[in-house]
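Everything below concerns the one structure shown next.
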Amino acid sequence: MSTHPQYRLSDFSRIHFIGIGGIGISALANLCVAEGKQVSGTNDNESPATLDGLRAKGVEISLDVSVLPPADLYVFSEAWRTLNSSLLEQAVASGVPTINYFDALGLLANDYYLIAVSGSHGKTTTTAMLIDVFEAAGFDPSAVVGSLRAKSRTNYRIGKSKFFIAEACEYRRDFMSLEPDILVITNLEHEHVDYYKDLKSVQAAFRDLALKVPTDGFIVANLGEANVREVLVDDIKATVVDYTKSLDPLRRLKVPGLHNQMNAAAAKAAAALAGIEDTVSETALANFSGTWRRFEYKGEVNGAKVYDDYGHHPTEIKATIAGARELYPEAKLKLVYQPHTYSRTHGLFNDFVTALALADEVHLLPIYAAREENESGVSSERLVKEMAKNGHQAKAWPDFDSVTATLKADAQSGEVILVMGAGNVTEVADRLTKT
């Protein structure tokens with residue numbers, strides 16, 4: 001499997017996407033359709049949010065993970081390295097070029113003036129904000145974002161200008177396939193602990209990406225954050241811009257929280273470097289209405305308001321709870337959390353205990369394993385026991401049915417129920433709000 005393929009997108013006419021239901025890879029598939037490619041895909045389950053639109057464009061999608069259709073290029077989602085490795089093995093054995101999603105994204109995006117949005121947290125929201133700003137300015141960008149924009153209900157944009165806006169994930173150093181002209185670094189922490197052993201290894205990856213930005217390019221970052229500042233010392237060719245200078249404490253946003261004010265500041269700073277007037281940016285940011293599963297309002301149950309959020313890192317939990325408190329300072333906040341991966345839960349265990357305790361009432365579901373085996377023995381029950389030692393009450397539930405039934409029975413007007421996690425816990429929010 002090639003890591004940095006020496007190909008061009010024009011080399012291929014038939015592209016098959018393995019794991020096409022993923023939020024990022026489905027966006028790329030839509031863009032390849034727009035490029036005139038013959039696109040097909042395999043997925044291991046139905047995913048209406050991403051697959052319905054592709055099928056409407058004539059893309060053939062198979063749920064049979066044992067059969068590999070013929071193609072000139074195979075593009076796979078990172079999740080499929082272990083989940084359905086037999087299909088990947090077939091692709092590699094075929095001799096046909098087989099590359100991951102980010103390598104393929106690079107084939108497309110690197111031909112544009114590329115604005116890549118990276119960072120431990122806030123990538124999706126900042127990317128979506130930038131798309132809104134560029135649209136408002138008439139800059140007509142192409143884009144890929146790791147969620148569905150509230151404005152368009154899509155995770156991609158097909159534009160006709162020179163600009164491409166892409167969310168750039170650091171997992172497995174995948175963002176190294178990109179050649180940014182403007183690189184945004186929202187913030188930096190130890191994350192993806194199954195791949196990065198410590199903060200310094202994360203910083204090394206971001207530094208390598210920053211070094212790829214050319215002399216006439218820009219890096220937009222928070223220079224007040226030591227973790228980021230240490231990445232941008234010595235040998236950086238690009239001009240470094242501190243986005244906190246675009247932070248406006250009086251800016252009114254529809255999405256709550258200081259973290260979203262920081263995201264907006266980063267988007268405004270990057271847009272200015274592309275030639276967009278600040279007044280245009282401010283208007284677009286004020287109208288920005290969020291993305292799917294980023295503090296997304298789902299409805300009510302017995303008068304309690306229900307929100308759904310993708311956050312799965314302690315910092316994200318803290319930020320989202322703070323945002324909820326900002327909107328509903330008097331409300332009782334009930335948190336339903338599904339930990340994501342054993343390695344993250346084990347590696348950041350004490351941080352999770354602290355973050356979860358910020359809610360008034362905590363309901364924990366079994367850990368979403370994703371690609372992992374439980375080698376450490378960590379569990380939601382252990383989180384509950386540790387929280388109890390610190391005087392914080394929480395309960396671990398065996399499944400969605402039990403926690404949903406209890407929350408429905410106990411919900412009252414004036415409460416806020418926050419459903420969080422990167423797995424399939426979004427189903428709980430749906431069940432709570434659908435009669």
Seminar exercise, completed: Note on Val59: of the conditions (1) at pLDDT 95 or above; (2) of a type outside the set (Phe, Trp, Tyr); (3) surrounded by fewer than 17 Cβ atoms within 10 Å (Cβ to Cβ), unmet is (3)
Exercise. How about the range 420-434: which of its residues are in a helix (DSSP H, G or I) and open to solvent by 10 Å² or more (accessible area, probe 1.4 Å)?
Worked result: Thr426, Glu427, Asp430, Arg431, Thr433
For this session: Note down all Cβ pairs under 6 Å where the first residue falls in the range 274-291 and is touching a residue at least 24 places away in the same chain (Cβ under 8 Å) and under 23 Å from Gly257 (Cβ atoms), the second is open to solvent by 20 Å² or more (accessible area, probe 1.4 Å) and of a type in the set (Val, Ile, Thr), and they're at least six residues apart or on different chains.
Result: Gly290/Val255
For this session: Return yes when Tyr328 is among the hydroxyl-bearing types (Ser, Thr, Tyr), touching a Leu at 6+ places or on another chain (Cβ under 8 Å) and either modelled with pLDDT of 95 or more or surrounded by fewer than 22 Cβ atoms within 10 Å (Cβ to Cβ) (or both) and no when it is not.
Result: no
Exercise. Within the range 144-166, is there a residue that is closer than 22 Å to Val241 by Cα, buried (at least 20 other Cβ atoms within 10 Å of the Cβ) and of a type in the set (A, V, I, L, M)?
Worked result: yes
Exercise. Would you pick out the residues in the range 273-301 that are hydroxyl-bearing (Ser, Thr, Tyr) and buried (at least 21 other Cβ atoms within 10 Å of the Cβ)?
Worked result: Ser281, Thr291
For this session: Please indicate, with yes or no, whether at least one residue in the range 228-247 is of a type outside the set (Val, Ile, Thr), under 22 Å from the mean Cα position of the chain (by Cα) and open to solvent by 30 Å² or more (accessible area, probe 1.4 Å).
Result: no
For this session: Take Val65 and decide whether it is more than 25 Å from Tyr297 (Cβ to Cβ) and either in a helix (DSSP H, G or I) or of a type in the set (Phe, Trp, Tyr) (or both).
Result: no
Problem set entry | Residue that is farthest from Phe352 (Cα to Cα) [pool: residues in the range 387-402 that are open to solvent by 80 Å² or more (accessible area, probe 1.4 Å) and in contact (Cβ under 8 Å) with a residue 12 or more places away in the chain] | Pro398
For this session: Determine if the range 304-318 includes at least one residue that is among the β-branched types (Val, Ile, Thr), touching a residue at least 12 places away in the same chain (Cβ under 8 Å) and within 22 Å of Ile367 (Cβ to Cβ).
Result: yes
Exercise. Quick one: is Ala405 open to solvent by less than 70 Å² (accessible area, probe 1.4 Å), more than 24 Å from Pro329 (Cβ to Cβ), in a helix (DSSP H, G or I) and of a type in the set (Gly, Ala, Ser)?
Worked result: yes
Exercise. Does the range 410-419 include one or more residues that are surrounded by 18 or more Cβ atoms within 10 Å (Cβ to Cβ), at pLDDT 95 or above, more than 24 Å from Lys254 (Cα to Cα) and small (Gly, Ala, Ser)?
Worked result: yes
Exercise. On the given criteria, is Asn374 out of contact with any Gly (no Cβ under 8 Å at 6 or more places or on another chain), at negative phi, open to solvent by less than 70 Å² (accessible area, probe 1.4 Å) and at pLDDT below 95?
Worked result: yes
Problem set entry | Tally, over the range 26-75, of residues that are small (Gly, Ala, Ser) and in contact with a strand residue (DSSP E or B) (Cβ under 9 Å, 6 or more places away or on another chain) | 9
Exercise. Taking the range 170-195 only, how many residues are over 15 Å from Ile115 (Cβ atoms) and not aromatic (Phe, Trp, Tyr)?
Worked result: 14
Exercise. For Ala270, are the conditions met, namely being free of Cβ contacts under 8 Å to residues at least 60 places away in the same chain and open to solvent by less than 20 Å² (accessible area, probe 1.4 Å)?
Worked result: no
For this session: Would you point out the residue of the range 2-19, among those that are more than 28 Å from Asp64 (Cα to Cα) and modelled with pLDDT of 85 or more, that is most open to solvent (accessible area, probe 1.4 Å)?
Result: Arg8
Exercise. How many residues does the range 112-162 contain that are of a type in the set (Phe, Trp, Tyr) and under 17 Å from Ala266 (Cα atoms)?
Worked result: 1
For this session: Would you confirm whether any residue within the range 302-316 is open to solvent by less than 50 Å² (accessible area, probe 1.4 Å), under 30 Å from Gly217 (Cβ atoms), modelled with pLDDT under 95 and not β-branched (Val, Ile, Thr)?
Result: yes
For this session: Name the one entry in Phe164, Phe206 that is farther than 27 Å from Gly421 by Cβ, modelled with pLDDT of 95 or more and touching a Leu at 6+ places or on another chain (Cβ under 9 Å).
Result: Phe164
Seminar exercise, completed: Residue count, the range 193-215, condition free of Cβ contacts under 8 Å to residues at least 12 places away in the same chain and either open to solvent by 50 Å² or more (accessible area, probe 1.4 Å) or farther than 30 Å from Tyr342 by Cβ (or both), comes to 3
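The values are calculated or read from the model by the stated rules, or taken from the named source; none is laboratory data. Note that the structure is a prediction, hence the values are computed from the model and not measured. A quick note on method: Cβ atoms are made from the backbone with ideal geometry, for glycine too, and the neighbour counts reach across all protein chains shown. Accessible surface is based on the protein model in full, side chains and every heavy atom, while ligands, DNA and RNA are left aside. Shrake-Rupley method; radii C 1.70, N 1.55, O 1.52, S 1.80 Å.
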